[in-house]
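I have placed the structure first, in the form of structure tokens, so that the comments after it can refer back to it.
The values are calculated or read from the model by the stated rules, or taken from the named source; none is laboratory data. This is a predicted model, so every value here is computed, not measured. Cβ placement follows ideal geometry from the backbone for every residue including glycine, while neighbour counts extend to all protein chains displayed.
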Amino acid sequence: MDLFETIGARRSVRRYREQPVEDDKLLKVLDAARLAPSWKNQQCWRFMVLREPETRQALLAAFDDANPGKKALAQAPVLIAVCADPNESGREEGKDYYLADAAIAFEHLCLAATALGLGTCWMGLFDELRLKDVLAIPGRFRVVGVTPLGYPDREPSPRPRKNLAEIAFADRWENPLC
């Protein structure tokens, strides 16, 4: 799959098969995340890989039962928590760049997973303190998101996207690019 096919094929997967994720695929996904650009190449991210059923089950307590992705976390054979150390990134004009750094790495992870036939779903609504406690994450780190990782049980339909004319501008805000 080329890059543009991978980008077009990426979906938020919320149903997973029981099939385990092979170690070589897991390492490729993590390596893709590792190669992401970051603020001054500080690479503030860390990745918690959860495979043990007890740990994965304990992590679920940090997610509200109303969260539609919670079932995906319970089904997937692997969970990955993407963390970042804000002190290893920059802050300029009120912007905390650790969030961008971790988000880029997270997206690299998601795209690599898609290219390998795996599914992901960025989960961002959770009790961070509880999650950090369950996973023994040091206090200086922030949990930016969690994703299930596994083989999709079904392929979700594409979600609607805005046209370029609505979101791309030429030289001035009032001039649509196309």
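Tabulated data
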quantity: Residue match in region 41-54 (condition: in contact (Cβ under 8 Å) with a residue 24 or more places away in the chain, surrounded by 14 or more Cβ atoms within 10 Å (Cβ to Cβ) and polar (S, T, N, Q)); calculated: yes
quantity: Residues (touching an Asp or Glu at 6+ places or on another chain (Cβ under 7 Å) and not small (Gly, Ala, Ser)) located in region 12-40; calculated: Arg15, Tyr16, Arg17, Trp39
quantity: Residues of region 57-71 satisfying the condition of being buried (at least 18 other Cβ atoms within 10 Å of the Cβ) and under 29 Å from Asn87 (Cβ atoms); calculated: Leu59, Ala62, Phe63
quantity: Residue tally, condition of a type in the set (Lys, Arg) and closer than 28 Å to Arg91 by Cα, over region 22-69; calculated: 3
quantity: Condition met for Arg154 (part of a loop (DSSP other than H, G, I, E, B), loosely packed, with under 11 Cβ neighbours inside 10 Å, at pLDDT below 95 and of a type in the set (D, E, K, R)); calculated: no
quantity: Where a residue in region 148-166 is touching a residue at least 12 places away in the same chain (Cβ under 8 Å) and its partner, wherever it lies, is part of a loop (DSSP other than H, G, I, E, B) and of a type in the set (S, T, N, Q), with Cβ under 6 Å and at least six apart; calculated: Tyr151/Gln19
quantity: Options Gly139, Gly145; residue that is in contact with a Lys or Arg (Cβ under 9 Å, 6 or more places away or on another chain), at pLDDT 95 or above and either farther than 23 Å from Arg10 by Cα or not in a helix (DSSP H, G or I) (or both); calculated: Gly139
quantity: Every residue from region 118-136 that is assigned to a loop (DSSP other than H, G, I, E, B) and in contact (Cβ under 8 Å) with a residue 24 or more places away in the chain; calculated: Leu118, Cys121, Trp122, Leu125, Phe126, Asp127
quantity: In region 121-135, the residues that are closer than 15 Å to Arg56 by Cβ and not charged (D, E, K, R); calculated: Cys121, Met123, Phe126, Leu131, Val134, Leu135
quantity: Output for region 102-122, where each listed residue is of a type in the set (Val, Ile, Thr) and over 16 Å from Gln19 (Cβ atoms); calculated: Ile104, Thr114
quantity: Residue, farthest from the chain's Cα centre (by Cα), within region 157-171, restricted to residues that are assigned to a loop (DSSP other than H, G, I, E, B) and aliphatic (A, V, I, L, M); calculated: Ala170
quantity: Single unsatisfied condition, Ala84 versus (1) under 15 Å from the mean Cα position of the chain (by Cα); (2) closer than 18 Å to Leu149 by Cβ; (3) of a type in the set (A, V, I, L, M); (4) buried (at least 18 other Cβ atoms within 10 Å of the Cβ); calculated: (2)
